[in-house]
Ligand code: GTP
Ligand code: MG
């Protein structure tokens, strides 16, 4: 149950704690400043002071973060967000690296890139694709388990000399469960033993029917090592994105998802955020998970300081008060007061959950100790 301390209650009403204690005495309750009050007692006090009390629940706090939906006219096309999955050693990291090198913008800038957990490739025709650079099912499932739907398209990497393996099958089931469309990248086509047909045939057994087999899943033959088929793969991604008709309104306060976060020496907590709606700007106040902050600096995937980030763009954010987790939401709010309120509420909820878990395990230990 939700309790509130005398001090907190006083703060929220902008009254002095001493006056709240006095009021409680009048109600026959002897309380100290750090004492917790149950909601009914708190309500009595609030009414005594002539305020209205709104009991804030989970739903209220989450609802306060929701901004009205965008209308169709406000929506414009945004880049697809792609996650690469596949069996161990089939070339996920190599493929992400190779795709990154196709970026025409970093080519011009001299190729200064840094790892921020996600990056965006701009193609020669100026189309953009965002890749989540934390390959593997763990990142995907972790984010999904936290309710974050980040990925629009899964690229399933299958090595042409090894074909379908256990983690290939696992990746297929993850993509299916998330209802995210798949594109198969048949990798290592430069190898002597490469057999793309075998891959396509074996995928049939897992209900992945590529176009050549009469299905609707695109399959592209690539070699991360030889830099072969990369443009074909990007074109397949853009085609899939077109079918999905991905759109977002850039002209509103931003929200998005944390892709990666860490504590950095000299910089404090740093998070890579994928902006999903709106435009994130320097100076914005935000809540992310149980943390909050004010955007001090935004740094893009080329290590360049930018003033703002639009939908589909991954940026590193400086100015957090703590380290959030991958998959946490990231929502810009109108004031520091609101940010504090939401983050306080979520921190309290985490503490309560931890306390409940500890109590439970203590009880279990008691019963299993002999
Ligand atoms: P994990 O992260 O360990 O699951 O592996 P991964 O899927 O990221 O594979 P990674 O990119 O590390 O590649 C594994 C090995 O395959 C490395 O030795 C790569 O050099 C090699 N490799 C990747 N792509 C290709 C390719 O297209 N052709 C050839 N010949 N080798 C490749
Ligand atoms: Mg890897």
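Details
- Taking the criterion of being more than 10 Å from ligand 1 (Cβ to nearest atom), assigned to a strand (DSSP E or B) and in contact (Cβ under 8 Å) with a residue 40 or more places away in the chain, the only residue of region 159-184 that qualifies is 183.
- For region 294-325, filtering for residues that are on the phi < 0 side of the Ramachandran plot and either part of a strand (DSSP E or B) or buried (at least 22 other Cβ atoms within 10 Å of the Cβ) (or both) leaves 20.
- Flag if residue 213 is over 22 Å from the mean Cα position of the chain (by Cα) and either closer than 19 Å to residue 162 by Cβ or surrounded by 15 or more Cβ atoms within 10 Å (Cβ to Cβ) (or both): no
- Filter result for residue 95 (in a helix (DSSP H, G or I) and either within 28 Å of residue 331 (Cβ to Cβ) or modelled with pLDDT under 90 (or both)): no
- Qualifying residue in region 191-214 (condition: within 16 Å of ligand 1 (Cβ to nearest atom) and touching a strand residue (DSSP E or B) at 6+ places or on another chain (Cβ under 6 Å)): yes
- Single residue of region 67-84 satisfying the filter (part of a strand (DSSP E or B) and farther than 19 Å from residue 189 by Cβ) that is farthest from ligand 1 (Cβ to nearest atom): 76
- Test for residue 172: is it within 16 Å of ligand 2 (Cβ to nearest atom) and at pLDDT 90 or above: no
- In region 138-158, residue modelled with the lowest pLDDT [restricted to those that are within 15 Å of ligand 2 (Cβ to nearest atom), outside any strand (DSSP E or B) and buried (at least 17 other Cβ atoms within 10 Å of the Cβ)]: 139
The values are calculated or read from the model by the stated rules, or taken from the named source; none is laboratory data. It should be emphasised that the depicted structure is a prediction, and the values quoted were computed from it without experimental measurement. Glycine also receives a Cβ, built like all others from the backbone with ideal geometry; neighbour counts cover every protein chain displayed.
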